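J.: Have a look at this one.
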Amino acid sequence: MRLSSYVIFVPMERTGETVLVHGISGAVDRVSNEWARNMRAMRWDLFSEQDLADMMRRGYITEKTVEEERETAIRIGRRLREKAMRSASFILMPTIKCNLGCDYCFQNFLRTDGADTPSVDTRMVDAAFAAMAELQARRGARVDRILLFGGEPLLAENRPVLEHFFRKGAELGYRYEAVTNGTELHHYRDYLGPGKLEWVQITLDGPQEVHDRQRWARNGQGTYWQIKRNIDMALEQGVAVSLRMNVGWQNREAIRELVAEFDRYGWLRHGQFHPYCAPIRGEGGQQESTRLQRAVIRLVREMNAAYRPRYGRDVVAISGGVVRTKISRLLAEQPVSALTPAYCGAHLNMFVFSADGDIYTCWEGIGVPSARVGRFWPCLELDEESLSRWFERHSLNIPACQKCRYMFFCGGGCGIHALEHNDEFYSSYCNGFAELFRGHVEQAIAQLDDLEGVPIHQELGYSGV
Ligand code: SF4
Ligand code: SF4
């Protein structure tokens with residue numbers, strides 16, 4: 001009998017307890033720190049027979065060898081992946097154009113600023129809807145929302161084509177989300193609200209002077225106050241606002257001031273306002289990027305500790321929405337959809353329809369010929385070889401990840417980052433995942449009044465013994 005290789009211990013700083021998560025069975029339990037210490041030390045003599053039987057049933061302890069447990073993990077991973085593949089998510093990029101001139105934008109290389117910069121027209125929108133219907137039929141999936149991404153998708157000049165898109169999409173039963181810079185959102189006021197454009201992600205990089213230095217309009221004007229007005233408008237219209245703050249070593253203090261401004265604006269009280277901090281992708285290697293990630297998690301903890309007495313909850317989240325979603329699903333007792341061997345949609349089910357008629361699975365791949373997986377204009381054509389190169393990159397196919405307790409939560413990390421840092425697409429990119437995971441579990445559990453043991457997924461035949 002030994003401690004399973006896939007147990008994750010999450011110390012809860014605030015309560016002095018430990019949360020146990022089993023990376024393969026999906027079990028989650030809260031135990032005392034002493035209990036956790038005895039487990040780590042494999043002091044089985046200190047547990048009752050009943051406790052040992054319970055821990056074995058939930059996967060925390062096992063009679064299997066390391067190799068047998070790895071084989072079980074891979075077998076279950078294949079079944080989880082088969083289920084997860086029967087899904088799809090759609091992103092439409094109406095244009096590559098943007099009205100801002102941020103130096104750090106990863107798409108700057110795509111923009112020529114000339115008449116040639118691609119944008120979709122109404123016929124391309126129709127072709128995109130037809131391709132979406134065909135992809136859902138092929139994959140046995142039902143998709144009810146589309147994310148708009150750019151360039152800046154909600155430019156005022158895009159309105160005629162987006163009116164067509166919103167009208168036709170509504171007839172087909174879609175709702176919408178958008179990653180937008182928020183500067184021209186007021187031109188879409190009549191499309192904002194539940195059942196329509198109901199979620200937006202907007203970025204502010206600091207209080208006005210700091211933000212305006214980074215995110216300025218092409219005419220040289222700052223954008224902070226226009227964005228602020230549009231966030232107020234979106235919240236009034238019932239739109240959920242996910243507020244992204246890009247954090248680097250330079251602007252950490254400015255982020256504290258920015259959150260204090262949110263407090264003054266009354267946004268922190270608003271149930272639809274969800275601010276989060278995202279570490280800026282560093283120039284340095286993986287170690288430097290992990291160091292920044294840790295600093296950002298610390299900053300978020302400190303800010304939450306300062307505001308918790310007034311709000312009774314955490315007010316700022318850590319980036320990594322995919323991890324957050326997986327943990328929320330796990331705690332909502334949906335382990336099968338929570339555990340996925342893929343890091344993000346680019347390695348599982350995502351189709352990005354770009355403004356020039358091509359399809360990608362990763363938005364950072366837009367415009368990179370080797371990342372293209374097909375086209376939707378004039379009709380759907382997939383490059384199956386390229387598609388499977390993207391969709392087959394997951395933790396079951398990366399040897400280092402097969403033995404990792406985070407294999408169904410992390411899934412191998414971002415493929416683009418793995419390629420940049422390791423020169424190998426099919427390699428692991430951990431990037432401080434353990435720390436990120438612990439931070440997210442801590443935040444998610446803090447929102448729960450109580451944590452009963454989360455059931456394991458029996459339908460996939462998991463047996464911890
Ligand atoms: S592969 Fe990386 S860059 Fe692409 S969508 Fe996934 S996380 Fe983002
Ligand atoms: S990338 Fe690292 S943390 Fe993620 S599954 Fe692989 S080994 Fe684990």
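J.: Scanning for something farther than 12 Å from H347 by Cβ, within 10 Å of ligand 2 (Cβ to nearest atom) and surrounded by 22 or more Cβ atoms within 10 Å (Cβ to Cβ), does segment 365-384 turn up at least one residue?
T.: Within segment 365-384 (the criterion being farther than 12 Å from H347 by Cβ, within 10 Å of ligand 2 (Cβ to nearest atom) and surrounded by 22 or more Cβ atoms within 10 Å (Cβ to Cβ)), the answer is no, since none of the residues qualifies.
J.: Also, I was wondering about something else. Please go through segment 388-401 and pick out each residue that is more than 14 Å from ligand 1 (Cβ to nearest atom) and either open to solvent by less than 20 Å² (accessible area, probe 1.4 Å) or among the small types (G, A, S) (or both).
T.: S388, L396, A400, C401
J.: With segment 1-98 as the region, which helices (runs of 4 or more DSSP H) entirely inside it contain at least 3 residues that are on the phi < 0 side of the Ramachandran plot and of a type in the set (G, A, S)?
T.: Fully inside segment 1-98 and qualifying: 66-85.
J.: So, one more: Can we say L436 is open to solvent by less than 60 Å² (accessible area, probe 1.4 Å) and away from ligand 1 (no atom under 14 Å from the Cβ)?
T.: No; evaluated as a whole, the condition is false for this residue.
J.: Additional query: Please verify whether segment 339-355 includes one or more residues that are surrounded by fewer than 18 Cβ atoms within 10 Å (Cβ to Cβ) and touching a residue at least 24 places away in the same chain (Cβ under 8 Å).
T.: Taking every residue of segment 339-355 in turn, none turns out to be surrounded by fewer than 18 Cβ atoms within 10 Å (Cβ to Cβ) and touching a residue at least 24 places away in the same chain (Cβ under 8 Å).
J.: For segment 322-362, what are the residues that are within 10 Å of ligand 1 (Cβ to nearest atom) and either of a type outside the set (A, V, I, L, M, F, W, C) or over 17 Å from Y429 (Cβ atoms) (or both)?
T.: Selection gives Y343, G345, H347, M350, V352, Y360, T361.
J.: Right, here's the next one. Among V315, V296, V300, V323, which is the only one that is in contact (Cβ under 8 Å) with a residue 12 or more places away in the chain and more than 23 Å from D263 (Cα to Cα)?
T.: V323
J.: Take the residues of segment 402-417 that are farther than 17 Å from P279 by Cα and open to solvent by less than 10 Å² (accessible area, probe 1.4 Å): which is nearest to ligand 1 (Cβ to nearest atom)?
T.: G415
J.: Considering only residues that are assigned to a loop (DSSP other than H, G, I, E, B) and among the hydroxyl-bearing types (S, T, Y), which ones fall in segment 291-320? First the steps, then the outcome.
T.: Kept after step one, since they are assigned to a loop (DSSP other than H, G, I, E, B), are these residues of segment 291-320: 312-316, 319-320.
Correct list: S319 only.
The values are calculated or read from the model by the stated rules, or taken from the named source; none is laboratory data. Quick caveat: nothing in here was measured; it's all calculated off a predicted structure. Positions of Cβ are generated from backbone atoms using ideal geometry, with glycine treated the same way; all protein chains shown enter the neighbour counts. These accessible areas exclude ligands, DNA and RNA; they are computed on the full protein's heavy atoms, side chains included. Shrake-Rupley method; radii C 1.70, N 1.55, O 1.52, S 1.80 Å.
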